[in-house]
Amino acid sequence: MKKYNIILLIGVLGIVLCACGQKSSDIKPEKSTKTTSAAETLVKIEKVEITKETVFSKLKNYLPQNVLDNMPNFKDEGLDNKETLYLWSKYEPNSDNFIHKIEFVFNENGFKQYHYKNYSFDLKENKISKDAAEKMVENFAKDFINDGNQLSFVNKPAYDSLYEKDVVESWVAEKNNKEYIIMVNLRYGYVEFSTTEEKTN
């Protein structure tokens, strides 16, 4: 019996020693379970860092300060078409209904779409001229659109669902088979909407 135990012990020790001596190159690494966050993904776009802090900081030139001061919630979300959404918002108390929100969408080429949606937030009138709005459009393009400083915008109607003559005006530019639209609310003095789209004709 003792002899059997000794043989068994030697066998166990042999297995342990073999396991300890196994070459690291023979050990298969476990698959990483780490997922890439939206922020990490966006850092790689055009090798330009597009963080929520960068975007939000630039928005002070295009939205009223009290709007930015009342955006307590933020989330980023990967969309099905390899796009990323940045969403700032404020909800009604004890409700899932928005008071207002800011949406930014990015894809592998950078900026794609922006929209400030106001449902019930109390904004003060801050009327601006079309000349001032056009300057705002040019600066917005430089801040958020790749090669935005090379675009020439023309004030003309676009996006019927948002356009309202002398209230919400739109500026349109075309380049490299793409159409760029930026819309400004003249009554309240802010950029309301912007999109970059492939031309269909």
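What FRET efficiency comes out for Arg187 versus Asn94 if R0 is 30 angstrom and r is the Cβ-Cβ distance? Round to the nearest 0.05.
With a Förster radius of 30 Å, E is 0.45.
What number, in percent, do you get for the relative contact order of the stretch 125-201 if the mean sequence gap of Cα pairs under 8 Å and at least 6 apart is divided by its residue count?
Relative contact order, the stretch 125-201: 29 percent.
Which shape class applies to the stretch 37-124: rounded if a/c is under 1.5, otherwise prolate when a/b exceeds b/c and oblate if not, where a ≥ b ≥ c are the square roots of the Cα gyration tensor eigenvalues?
prolate
Using the Cα centre of the stretch 37-124 as the reference point, and only Cβ charges (+1 on K/R, -1 on D/E), how large is the resulting charge dipole? Debye, rounded to the nearest 20.
280 debye
Taking 0.36 nm per residue of separation and subtracting the Cα-Cα distance, what length does fully extending Asn118 through Lys178 add?
18.8 nm is the gain from fully extending Asn118 to Lys178.
Please report how far the C-alpha centroid of the stretch 107-154 lies from that of the stretch 182-201, rounded to the nearest whole angstrom.
The two parts, judged by their Cα centres, are 6 Å apart.
With the crude spin-label approximation of a point 7 Å out along Cα→Cβ, what separation in nm comes out for Val167 versus Lys130?
Rounded to a tenth, the inter-label distance reads 1.8 nm.
Only the coordinates and a few stated rules stand behind these numbers; no lab work does. None of the values given here were measured: they were computed from a predicted structure. Note that each Cβ is placed from the backbone with ideal geometry, even for glycine, and that neighbours are counted across all protein chains shown.
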